[in-house]
Every structure is written in C-alpha cells, then in structure tokens.
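Novice: Attaching a single structure in structure tokens format; questions to follow.
The values are calculated or read from the model by the stated rules, or taken from the named source; none is laboratory data. Values in this document were obtained by computation on a predicted structure and should not be read as measured data. Heads up, the Cβs are rebuilt from the backbone with ideal geometry, glycines too, and the neighbour counts pull from every protein chain shown. Side chains included, ligands, DNA and RNA excluded: accessible areas come from the protein's heavy atoms. Shrake-Rupley method; radii C 1.70, N 1.55, O 1.52, S 1.80 Å.
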Amino acid sequence: SVALAHTQHQQRECTAQWPQRSLLRAAAFGKCFVTQYDPKQFVQMCSHLRVLNAVRDYRVAMPLTYAQMEALTIPVLIDRLVLRRQYCLAIRICDYLKIPSRDGASHILGNWACYKVESAVDDVEVAETIVSKLGDTPGISYTEIATKAKDCGRTELAIRLLDYEPRSADQVPLLMKMKHDELALEKAIESGDTDLVYTVVMHLRDNRELADFLMFIRGYPQAMALFAQYCREQDHQMMIDLYYQDDRSGDSANVHVQDALRCKTQSDMLEKLTRAQTMYTQAQNKFAADMTLEHMKLVQAQQALQERTNKPFIGLSVSDTIFECLVNDHKSAMAERLRKDFKVPDKRFWWLKVRALAETGQWMELENFSKSKKSPIGYEPFVSACLEKGSRVEAMKYIKKMPLEQRPRFYMQCKAWEQAAEDAFATRNEEVLDQIIARSGGGGHSQLHERIHEMKMQLRQRH
Amino acid sequence: MSQSSGFLSNGRVDIGLLRQSLRAEFIECLTRCDGSKAIVWDDKLTSPFTLVAEYTLLKAHGVDKMYPLRHGALPSCEMQHIIFLSRPKLANMEMIADNIREAAKDRLKEFSVFFVPRKTMLCERKLEELGVYGNLTHIDEYNLDIIPFDSDLLSLEQPLSFRECYLEQDYTSLFYVARSLMTIQALYGTIPSLVGKGPCSKQVIDMILRMRRESPSQKSSVMPQIDNLILLDRSADLMTPMLSQLTYEGLVDEIFGISNCSVRLPPEKFLTSEQEEKNAASGIAAGPKVLVLNSADEMFGELRDLNYQAVGPLLSRKAKRVTSQMEERHEAKTVRQLKQFVNRLPHLQSMRQAVSTHTSVAELIKERVFSDDFMNTLRAEQELCGCVDTDRVHPLIETLIAKKAPILKVLRLICVHCMANNGFKPKLMDFYRREIIQTYGFHHLVTLDTFEKVGLLFNKSSTVY
C-alpha cells in the first residue's frame, strides 16, 4: 500500500518523463496485493486523470496540475470551460463524472444557447439548432434564453424560443413584455390557467381603448367568458355593454329582467321589462317575449288591486295573486278575469279555489263548489284540504264522492275505521283490512278488530 | 372537533399521508407569521378546515382568537398578527379591506392574507385598488385544494363548479382539479394510465400532461400506488342526481343534509330520560344533535350503502348480537375469561351506543319514507324512468305545481321527465314553463333559461333514431 500511495502521488506530478500509463499499470498491479482495498479511490483517480488530460490538450490549453484542479473544484472547472466556450467538452465531462443534469448539462446548454443567440445570424436556423440540442431536457428555462434574445433585440427569435417554453407562467409575462399580446393571450388560454388569462386580459384593458379592447377580446371566446364573469361581479354596466357589443340579446334580456325585478318604482320596472321584451324578440325567443309581456300586464293589474284593497300584491306570482283574491272574496270577479287573461288551466284554478276556501273555513261554499260541476282534480284535494284544517267531518263528505277503491285510505286518515273496513270489504281488499288493524292501534277497537277478522274469514271462504 | 383520523389509513391508499402533508403545510404558514395570532375566517372555509386541523392544533401554534370575516371593523383584540384565510373571491377582498383599515390604526399590528387554495392576480389587484395592499406582511396561498373526507373519498368542495364550467364557461375549477391531482401524484406516485369521458375531463387530462411537462423534476421516486385515473364529467349523467336517493346515507342526506361528513338531527329521539326532564324543567329546548358520519363509525360503514329496507333487519341482528355478547359475562368462570371480557367491554359498549343511535336515525328516516308524499314521488320517478307514457304532462308534477310544492322538488322531477323522454316537444316544454312561472314567479324565467343552457332541459331534436 505504501508503494501504491507513492505511485499515485507520482502520477499527480507526472510530466512527460514519467508517462502516466506505466505509473497506472504499476498502481493497478500493486493494488491486487493489497487486501481490502477500496477501489473507489483508484477509479476516482483514473477519472480525474482523464479529465485533466482532456483539458491539457492543446486545443483547450488549460495546463492544470492535480493540486490546482482539487483547489479549483470540478464545478468551477466546468464554469471555466463554459466561459471559454468549450461547451461540448464541458458536457462530456459532466456526463462522464455523472454530475446531475441540474447542475451540469442543463446549465451548460443554457449558456451555450445564450451564446448562440448572440452570435449566429439566421433566426430560424438558430432556433432550430438550439431546440434540437436542448430538446426537452429538464431544467432548461427557455424563458431565460428568450430574454437574452430579446435583450439582443432579436424579438422574432425570442418568440420562436418561447414557443418551446413549457411553463406558461414564465412564457406569458415575457410575451406581454414584448408586446405580443395576441400570442400571450393564446398561450394563456392554452394553459388552462385562468389566473394567467386574467393577467393578460387586465393588462389589455389597462392599455387599450375600451372599444378596441372589446373588439379584440371578441376573437377569443374563452377570454371573453372570463371577462364577462369578472364584470358580472364587479362592473354591472360593463357587462351590459359587453352583451350589447357581442349581440348576445338573450343574455342581455335576462340581465334586464333581473334588474327590473330589483327596481323600486313601477315605471322603472316596466321600462326595463319593455327593453327585455324587445331583446327577447331579437333573440327569437318567442316564449320569453310573451311571458315578459304577460308579466307587465300582471304588474299593472296588481298595482290596481293594491290601490283598491290596500293589501300588498306586487311581487306575487299569478297563482298567488289569484289565491289572495279568492281568499278575500270567493266569488272574486278579479280572480275570474285573471284566470281568463292568463289562461290558467282548469286544474290549477280548482286547486287554488279549494285551498282558498279551506283556508278561510268556508265549508258551505266549498261544498257548493264541489257540486258545481265534475271536478277536474278529483275529490282528493278537497279531502286533504279539509284534513289540513282539522275538519274531519267536512272531509268525510267528499270521500263519498270518490271511487270505491280509493276510499278506505282516506277513511283511515280521518280515523273512520268502520267505514274504511266496510269499503275495504266491499272491494275484497285484504291488505287494506290488515292496514286498518295496524293503524287503528290498541284499545277501544277490539270490537272492530273482531269484525275485521270475520270479514277476512268471509273473504277467504269465498275464494 | 378533535377526532382520531386513523380511519383514513384503512383504504387501499393511505389517505392519512395527504392529511398529514396538508397539516404540515398549514403549520408552516402559521409559523411564518410572528407574534400572537388571530385568524379571520371566510365562512365557507371553516367546515372543510375541521377535517384537516382542529382548534387544539391552532392553539398550539399561537392562535388565540378566531373571527368570522365580515364587513366593517374587527372587534378589538390584543393579538399582534391578524391572519386572513379566504377564498380568492373579490367580494371577500372588500371585507378584508374594511377590517384592515380599522385595525391598522394600531401601528403594532401586522396583517397577512393566505388565499385558499390559490392567490389570484385579480384579488391582489383589488387589494391594491382598495389601498390596503401595502399593509400586508405576507400575501400567500395555502394549497388546500383537495380535502380527505374518508379513507376512500376526497373532495375539492367547490359547490359552484358545475355552474361555473357549464353556464359561465369559467374553467378555474378544472385547473384546481388538475393541480390537486398533481399533488396526489407527488405523494402516491405518477399515475400511468389516464382515461376520461366528456369535454371537461379532456381539459383536465390535457392540463395534467402539460403540468407534467412543466415540472419534470417532480418525477417522484415513489412507486405508483395508483394504476388508473378515470375522469367522468357530471354531464355524462345528469339524471342520477335528480332522482331520490334510497340508500341509508343517501336518505339522511336527502332529508337532513350531510355537510362535511356531519349532519344535524332533531334531538328528540336522542335524549335520555333525565335530559328530557331537565329540559322540561328549565324550559329550554335541546339543540340539534350533531352526528359525524364517516368510516370511523364502524356501524355506519356497514349501513351507509344499504337500501333503506335492508337497514332495519341489519340493525336488529346487530342489536341481538351485542346483547348476547354482553350476556357472556355471566358465563365467564375463570379469571382469564373475565379479563378477556373486560377487554372487549369498551368495544361492545360503543357498538351498543352506535346501534342505538343508528336505530333512532333509521326511525327518523322511516317517518319520512313511508309518508304519502315520498311514496308518490318515488312512484312517479319509477314511472318516468320506465319511459311509460312520457310524452304527456305527468299528473304528479302537475299536482305538485298546483299545490305549490317546494320548487326544487318540482324541478327535479321535470328534469327526470325531460331526460327520460329525450327532450320535450315544444307544447309540453311551454306548458311546464308557464306553469312554473305563473306559480312560483316571473324570475324563474331566467332559472329555466339557465337550465336549458346547462342541458338539464332541452327540446326534442328532430332526428329520430
């Protein structure tokens, strides 16, 4: 081992007189005789020697001794090589010494690219060369190279290079600095990062005339949508202008409707609604236009009602308005007029009347109404309306008008167990008979339960 | 709420790791702020936060007071550093500015804002416009984009994302999805296979691939624990959320509403008899019972996905088993057997408590489920899904509107009808729309228009297949 150490020491000081090769051979021979020798030292020494030999080559001309190299350290040596533009050698050394690409190859390639940018002539050629060498190597910031290109005044080249920058958060601000707003916006939209899109949009809004800005944005629907979203929250008037400029009559109309409903005075409301109606027609939305006209009629009718009765009507829907009228006066002419004017279907009107009459406890009128003609809604609504108001006696009157099969269920709701049982028996419905027993519960109904059992037996016998 | 989170590690992938990393990040944000701290919360953040960090953790890191974010001035406090935790919403910026303007009169105070999940340029601009940008020591973000709810469930808690993407064409939430998936991949390994259905899924996958290119150094050295990523757009199936849920957990949600894994229930069935007496004596009504529902509760884990009709039998079987196991103590003869029994006792007692709680919940559900209302709705849904006679107005829908039933219920049924019928003929569409507007108010003109834009209501197209 002493021989080995001596040999190595000598190698470091090697000059032409003591060729490295023979020394190395001696060392290699010697190490076989040393037990438990850690080969790492040997390998490292060999690799460092190789590097040294390379830099001592006349083309590079860095005659370093080993001691100097150690003092300098390898990273600094690489930097020196880069400064001397010995890029290829530097990269090869990095690969050979297995220096991680972050510190080694990427850094060197970045420098090389910057150099190329300063020196070469043709934009396209330079860009292609750079890209082919760099490819997708991780850790390269194309933005840096592009900034360098821009600083040299080569904006075309900078844009080409920026195209390869994967990180849009770096790409976009630089494009904006270079005043390539369209490209910046396109790249921002491509990235899907809405914050980035907003950055470009706001920058554009600040730096351009409003009309100009809106025209520009129209070409980019995604950006337009985001800007509209911003306006919706922050700048109501701008949003309306936007919709108008963009011929979005449908959306415009919707906004006018929402504004109208927030109006304090009736005249304001009607004015906004008229505008909305025009826009709906423009957007060829006949349904919405008709409904808007209808609502304006309703508001006017409600205003008249409010003045006459001193009760609040504005803001209620058509159904609610009719309901209130009926509650005040079940023969209300106004309710009839509203029904005709707004083409309220029979079924809905009957429901409203039933509820209104039950609400005010006018049981006589309710009964008369039920007899006035065949109910389009059946008699169940009458029953439930009565039960809701707690009047079982009234409810029972309407159960009789229902078809037989449906009656037991409602008799049960009225707790009229006997009638329920009889009708269930008449329709041979054993399941319902069981339900009656279950729901009528315990004490006080034992007689009833016995009778039901008898009924069930009878039914089974008939089978 | 302090609660062990051990259950998070029970799934195939250890979600506990994610929770730990979120907590660590939050603590790091807190420690960056010096002095005694007070936190001002954005209301919508408090619930999701409880799933990540409880109050004791905050207190341990110097947070002594907490306030909700409101307009006007903050109540005065002696804390040195006021931290605002807020979503990047412009409306919140105004409230923050109000708070700061008042409190900044005390020169010793420092202010910081942490945006959750992301700091946006618009908000920074707004703070500048409002004149308080200069008062802020730290303006940063806390990346709480995805929150662990359960051992197999993570959520971003962005309730407005459907509206934003489909109505307003604002795809910010998709960006958050992509970013949260990158976070997951950093912890659990790069997912090799990405599959999706729908335009939004495509956008997310494109963004993920882009993000991978942008930061290749993030290639994690972790072996991928997840093999496949499957992304599904909500719009691929709009009908299912409109139908009534019929599982145990689904019904609890339909009737009472589950939010951030917990539900508030009416207290009557849960009080013991002494509590009832005490309440009757003092005249105070009991507050609602808050129940936490996740897989930490073993009983709930078994019940949650069962159809409600299977819940009763399972609960009674469990009850019998617990009772018989409790009775075993009479048979224990040797000291060792007794000792074994005593060791099992806490588990048995908690099982018994769980069975009793869930039985009460099941009873609450039963009352609603067997009501005429619910049964009618269910029958209507089944008829519609069976596509029987769906070209006409459905009688139940008509009746519900006439009775002025809650509008959400009516709208859900109409959407089911529309989708089952593959669109409405103009006459039917106009009929339903008029009925809604005339019953519930003119402002629903815009509501219905929104539904059409989003694809929940549509006309029958002229092509016949």
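Novice: So which lysines can B:LYS89 reach, going by Cα to Cα under 17 Å and dropping same-chain residues fewer than 8 places off?
Specialist: B:LYS44, B:LYS119, B:LYS126
Novice: Over the whole of B:319-326, what's the average partner chain Cβ count within 10 Å per residue? Rounded to a whole number, please.
Specialist: Per residue, the number of nearby Cβ atoms from other chains is 0 on average.
Novice: For B:GLU274 and B:LEU345, what is the calculated FRET efficiency with R₀ set at 30 Å and r taken between the beta-carbons, to the nearest 0.05?
Specialist: Working: r = 23 Å, r/R0 = 0.77.
Working from the Cβ atoms, E equals 0.85.
Novice: Let me ask another. With a point put 7 Å past each Cα toward its Cβ, work out how far B:ASP253 is from A:GLN68 in nm, to one decimal.
Specialist: It is 7.4 nm.
Novice: Cross-link list A:LYS374/A:LYS397; A:LYS272/A:LYS297; A:LYS264/A:LYS286: which exceed 18 angstrom alpha carbon to alpha carbon?
Specialist: Working: A:LYS374/A:LYS397 15 Å; A:LYS272/A:LYS297 14 Å; A:LYS264/A:LYS286 27 Å.
The answer is A:LYS264/A:LYS286.
Novice: Taking all protein chains in place and a 1.4 Å probe, what share, in percent, of the accessible surface of chain A do carbon and sulfur account for?
Specialist: Details: 12740 of 25300 Å².
Ligands and nucleic acids excluded, carbon and sulfur give 50 percent.
Novice: Find me the longest stretch of chain B that has none of the exposed GluC sites (Glu not before Pro), where exposed means in a DSSP loop (not H, G, I, E or B) with at most 11 other Cβ atoms within 10 Å.
Specialist: Values: sites that count: B:GLU78, B:GLU331.
In short, B:79-330.
Novice: Please name which of A:PRO381, A:LEU273, A:ALA333 has its Cα lying farthest along the dipole of chain A towards the positive end, using unit charges on Cβ (Lys, Arg +1; Asp, Glu -1) and the Cα centre as origin.
Specialist: The one lying farthest along the dipole's positive direction is A:PRO381.
Novice: Additional query: So for A:MET457, B:MET242, what's the accessible-area order with a 1.4 Å probe, most first? Kindly include the intermediate steps, with their values, before the conclusion.
Specialist: Details: A:MET457 115, B:MET242 35 Å².
Ranked from most to least accessible, the order is A:MET457, B:MET242.
Novice: Tell me the per residue accessible area of segment B:118-268 using a 1.4 Å probe; a whole number in Å² is fine.
Specialist: Details: 7150 Å² over 151 residues.
In whole numbers, segment B:118-268 has 47 Å² accessible per residue.
Novice: Right, next: Give the residues of segment B:361-395 whose amide nitrogen is closer than 15 Å to a point set 7 Å from the Cα of B:SER47 in the direction of its Cβ.
Specialist: Nothing falls inside the zone, counting backbone N under 15 Å.
Novice: What is the extension gain from A:GLU388 to A:GLN44, computed as 0.36 nm multiplied by their sequence separation minus the C-alpha to C-alpha distance, in nm to one decimal?
Specialist: Numbers: separation 344, 0.36 × 344 = 123.84 nm, distance 9.55 nm.
Full extension from A:GLU388 to A:GLN44 adds 114.3 nm.
Novice: Rounded to the nearest percent, how much of the accessible area of segment B:378-465 (1.4 Å probe, protein heavy atoms only) is carbon and sulfur? Before the final figure, lay out each step's value.
Specialist: Details: 2400 of 4100 Å².
Carbon and sulfur atoms account for 59 percent of the accessible area of segment B:378-465.
Novice: May I ask you to compute the full-extension gain from A:TRP363 to A:LYS264, defined as 0.36 nm times their residue separation minus their alpha-carbon distance, rounded to one decimal in nm? Walk me through the intermediate numbers first.
Specialist: Numbers: separation 99, 0.36 × 99 = 35.64 nm, distance 4.00 nm.
Extra length available between A:TRP363 and A:LYS264 comes to 31.6 nm.
Novice: Give the lysines reachable from B:LYS269 as a straight Cα distance under 19 Å; neighbours fewer than 8 places away on the same chain don't count.
Specialist: Once the sequence-local lysines are set aside, what remains near B:LYS269 is B:LYS278, B:LYS289, B:LYS366.
Novice: Still on this structure: Which aspartates and glutamates have a Cα less than 14 Å from the Cα of A:LYS343, not counting those fewer than 8 places away in the same chain?
Specialist: Filter leaves A:ASP290, A:GLU294, B:ASP430, B:GLU435.
Novice: Taking 20 Å² as the minimum loss, tell me which residues in segment A:236-274 lose that much accessible area going from the chain by itself to the full protein complex (1.4 Å probe).
Specialist: In segment A:236-274, residues shielded by partner chains: A:ASP251, A:ASN254, A:VAL257, A:GLN258, A:LEU261.
Novice: If you take every residue apart from A:PHE227 with its C-beta less than 12 Å away from the C-beta of A:PHE227, what net charge results, scoring Lys and Arg +1 and Asp and Glu -1?
Specialist: Details: positive: A:ARG205, A:ARG218, A:ARG232; negative: A:GLU233, A:ASP235, A:ASP241, A:ASP246, B:GLU168, B:ASP170.
Net charge around A:PHE227: -3.
Novice: Let me ask another. Once you mark the chymotrypsin sites (Phe, Trp or Tyr not before Pro) that are in a DSSP loop and have at most 10 other Cβ atoms within 10 Å, what is the longest gap between them in chain A? Display every interim value, and only then the final one.
Specialist: On the way: sites that count: A:PHE33, A:TYR58.
The longest such stretch corresponds to A:59-463.
Novice: Right, something else. With only Lys, Arg, Asp and Glu charged, each at its Cβ (+1 for the first two, -1 for the last two), find how big the charge dipole of the protein assembly as shown is about the Cα centre; round to the nearest 20 debye. Each step should come with its number before you reach the end.
Specialist: Values: 120 positive and 119 negative charges, 332 e Å.
Dipole about the Cα centre, nearest 20: 1600 debye.
Novice: Counting protein heavy atoms only and a 1.4 angstrom probe, how many square angstrom of accessible surface do chains A and B bury in total, to the nearest 100? Mind dumping the intermediate values first?
Specialist: On the way: alone 27310 and 25940 Å², together 49130 Å².
Rounded to the nearest hundred, the buried surface is 4100 Å².
Novice: A follow-up question, please. Dipole of segment B:341-461 (Lys/Arg Cβ +1, Asp/Glu Cβ -1, origin at the Cα centre): which of B:MET375, B:LEU413, B:VAL361 lies farthest to the positive side?
Specialist: Of the listed residues, the answer is B:VAL361.
Novice: What are the residues of segment B:420-465 that lose 50 Å² or more of accessible area, with a 1.4 Å probe, going from their chain alone to all protein chains?
Specialist: So the qualifying set is B:ARG434, B:GLN438, B:PHE442, B:LEU445, B:VAL446.
Novice: Kindly report the accessible area of chain A per residue (heavy atoms of protein chains, probe 1.4 Å, no ligands, DNA or RNA), in Å². Write down the numbers at each step before the final one.
Specialist: On the way: 25300 Å² over 463 residues.
Ligands and nucleic acids excluded, the result is 55 Å² per residue.
Novice: How far apart, in nm, are the 7 Å Cα→Cβ label points at A:VAL60 and A:ARG84?
Specialist: Taking the simple label geometry, A:VAL60 and A:ARG84 are separated by 0.7 nm.
Novice: Test of the criteria: in segment B:32-115, which trypsin sites (Lys or Arg not before Pro) are in a DSSP loop and have at most 15 other Cβ atoms within 10 angstrom of their Cβ? Don't skip to the answer; put the middle values down first.
Specialist: Working: sites: B:ARG32, B:LYS37, B:LYS44, B:LYS59, B:LYS65, B:ARG70, B:LYS89, B:ARG101, B:LYS105, B:ARG107, B:LYS109; in loops: B:ARG70, B:LYS89, B:LYS105, B:ARG107, B:LYS109.
Those satisfying the criteria are B:ARG70, B:LYS105, B:ARG107.
Novice: Let me ask another. Name the residue farthest towards the positive end of the dipole of segment A:65-206 from the options A:ALA113, A:MET202, A:ALA184, assuming +1 on Cβ of Lys and Arg, -1 on Cβ of Asp and Glu, about the Cα centre.
Specialist: Result: A:ALA113.
Novice: To the nearest 20 debye, what is the magnitude of the charge dipole of chain B about its Cα centre, counting +1 on the Cβ of each Lys and Arg and -1 on the Cβ of each Asp and Glu?
Specialist: Working: 57 positive and 58 negative charges, 106 e Å.
In total the dipole reaches around 500 debye.
Novice: How big is the dipole moment of segment A:188-311 about its Cα centre under a simple scheme where the beta carbon of each Lys and Arg is +1, that of each Asp and Glu is -1, and everything else is neutral? Debye, nearest 20, please. Could the numbers behind the result be given before it?
Specialist: Details: 13 positive and 18 negative charges, 146 e Å.
Rounded to the nearest 20 debye, it is 700 debye.
Novice: Past 22 Å, Cα to Cα, is the threshold; run B:LYS65/B:LYS105; B:LYS403/B:LYS460; B:LYS197/B:LYS409 against it and keep the listed order.
Specialist: On the way: B:LYS65/B:LYS105 19 Å; B:LYS403/B:LYS460 28 Å; B:LYS197/B:LYS409 29 Å.
Going by Cα-Cα distance, B:LYS403/B:LYS460; B:LYS197/B:LYS409 fall outside the 22 Å limit.
Novice: Quick one: if you stick a label point 7 Å off each Cα along the C-beta vector at B:HIS138 and A:ASP247, how many nm between them?
Specialist: The two pseudo-label positions are separated by 5.3 nm.
Novice: Return the Cα extents of the protein assembly as shown along principal axes one, two and three, sorted largest first, each rounded to a whole Å.
Specialist: Sorted from largest, the Cα extents of the protein assembly as shown read 131, 92, 69 Å.
Novice: Gain in length, B:ASP430 to B:ALA319, computed as 0.36 nm per residue apart minus the alpha-carbon separation, to one decimal in nm?
Specialist: On the way: separation 111, 0.36 × 111 = 39.96 nm, distance 5.40 nm.
Gain in length upon complete extension: 34.6 nm.
Novice: Helix-derived [θ] at 222 nm for the protein assembly as shown: sum -39500 (n - 2.57) over DSSP H runs of at least 4, divide by residue count, nearest 500? Each step should come with its number before you reach the end.
Specialist: Details: 47 runs with 577 residues, N = 928.
Mean residue ellipticity, 222 nm, calculated: -19500 deg cm²/dmol.
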